[in-house]
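Please read the structure below before turning to the comments.
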Amino acid sequence: MNYILGGGISALIFNFYHKDYTIISPDVGGQFNSNFNLGPRYLHKNKYTEKFLQDIKLQYKERIVNVGYVNEFGELCIPDESYRRKYYMKSRHIDNLEKYDSSIMTSFKNSFEIYDIDFKLLIDKLSNIKYINGNVKSINLHDKKLLVNNKELNYNKIVSTIPLNIFNKMTSFTDEIFQKQDMIYIKSNEYDINISDYDYVYDIRKDKPWHRVSKDKGFIYDLCSYSFDFPFDVLALKELNGSQIISTTNNYEPEDVLFLGRYGEWKHNIKIEDVIQKSMETNF
């Protein structure tokens, strides 16, 4: 009677440490099911991620990730607070700083340590579970019932990893506080700047539709709109509607519900290692 809503990596990690929960999702893997990486994906080095990799028996290597910053003139530069503010507005496709989030853009880091892993293999290991194949249609918090595949399920506790605005709609709670933008990922073999020394770069040029570019057997572009023509040949494309988070303060804490992960908590600065730590330490 304990359920996890959603089948992405946050749900799978929590389920790994809490076998008494059952995942409800039409599939498992979430964004990792894409046929190419949707932006840079890294497991930052700390004691929790190291313990997790040991627990799941996944091989890894340690390495340094290098980050670059492209200014308005197409030059690699040292960013300042003005750069971050411009990046925030461009990546959210807005012209104001009303919901400005200073945690974006890797906190100005030029490099950081990671455990280099095969994420596909990680998802395969985590996905070797039994789960309920279906969609949650509604959540009755008062009577503690879920409507799944037109069948009512009683629950004791819920861990929600689905987008918080969707959770709120299912409970008839307002989602007006949530702001979001579409995200578009494009894979190409071309980029107009030499970034051979970097794993990914931020790019604030006003005449370019992308705001971040990462390397993965080619180049992966992060976009938030089609307001510009894409200048290079497209090898692959993936659209995620309303998935760009504009962080907000959430004081909504229903009894017997734990919100987990970047989308579940609707906080941009949550990383996989934060989910690992919370999953290890919580007694929920």
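The values are calculated or read from the model by the stated rules, or taken from the named source; none is laboratory data. All values derive from a computational prediction rather than experimental measurement. As a convention, Cβ positions derive from the backbone with ideal geometry for all residues, glycine included, and neighbour counts pool all protein chains shown.
Can you tell me which residue is nearest to residue 32 (Cα to Cα) among those in segment 136-153 that are in contact with a Leu (Cβ under 8 Å, 6 or more places away or on another chain) and not hydrophobic (A, V, I, L, M, F, W, C)?
Checked segment 136-153; the qualifying residue nearest to residue 32 (Cα to Cα) is 137.
Just for segment 116-168: of the residues that are acidic (Asp, Glu) and under 30 Å from residue 60 (Cβ atoms), which one is surrounded by the most Cβ atoms within 10 Å (Cβ to Cβ)?
My answer is 116.
Keeping to segment 151-169, report how many residues are over 29 Å from residue 42 (Cα atoms) and either modelled with pLDDT of 90 or more or of a type in the set (Ser, Thr, Tyr) (or both).
Of the residues in that region, 7 qualify.
Kindly indicate the residue of segment 82-113 that is in contact with a strand residue (DSSP E or B) (Cβ under 7 Å, 6 or more places away or on another chain) and small (Gly, Ala, Ser) and also surrounded by the fewest Cβ atoms within 10 Å (Cβ to Cβ) among those meeting that condition.
If we take residues in segment 82-113 being in contact with a strand residue (DSSP E or B) (Cβ under 7 Å, 6 or more places away or on another chain) and small (Gly, Ala, Ser), then 111 is surrounded by the fewest Cβ atoms within 10 Å (Cβ to Cβ).
Quick check on this structure: which one of 110, 133, 128 is more than 19 Å from residue 32 (Cβ to Cβ) and of a type outside the set (D, E, K, R)?
After ruling out the rest, the residue left standing is 110.
If I ask for residues that are within 27 Å of residue 200 (Cβ to Cβ), surrounded by 21 or more Cβ atoms within 10 Å (Cβ to Cβ) and either modelled with pLDDT of 95 or more or of a type in the set (Phe, Trp, Tyr) (or both), which ones from segment 10-38 would you list?
Matches in segment 10-38: 10, 11, 12, 13.
Can you confirm whether segment 218-229 contains a residue that is within 30 Å of residue 146 (Cβ to Cβ), touching a strand residue (DSSP E or B) at 6+ places or on another chain (Cβ under 8 Å) and part of a loop (DSSP other than H, G, I, E, B)?
no
Would segment 78-95 turn up any residue that is modelled with pLDDT of 90 or more, within 23 Å of residue 207 (Cα to Cα) and among the aliphatic types (A, V, I, L, M)?
Looking for residues that are modelled with pLDDT of 90 or more, within 23 Å of residue 207 (Cα to Cα) and among the aliphatic types (A, V, I, L, M), one finds at least one in segment 78-95, hence yes.
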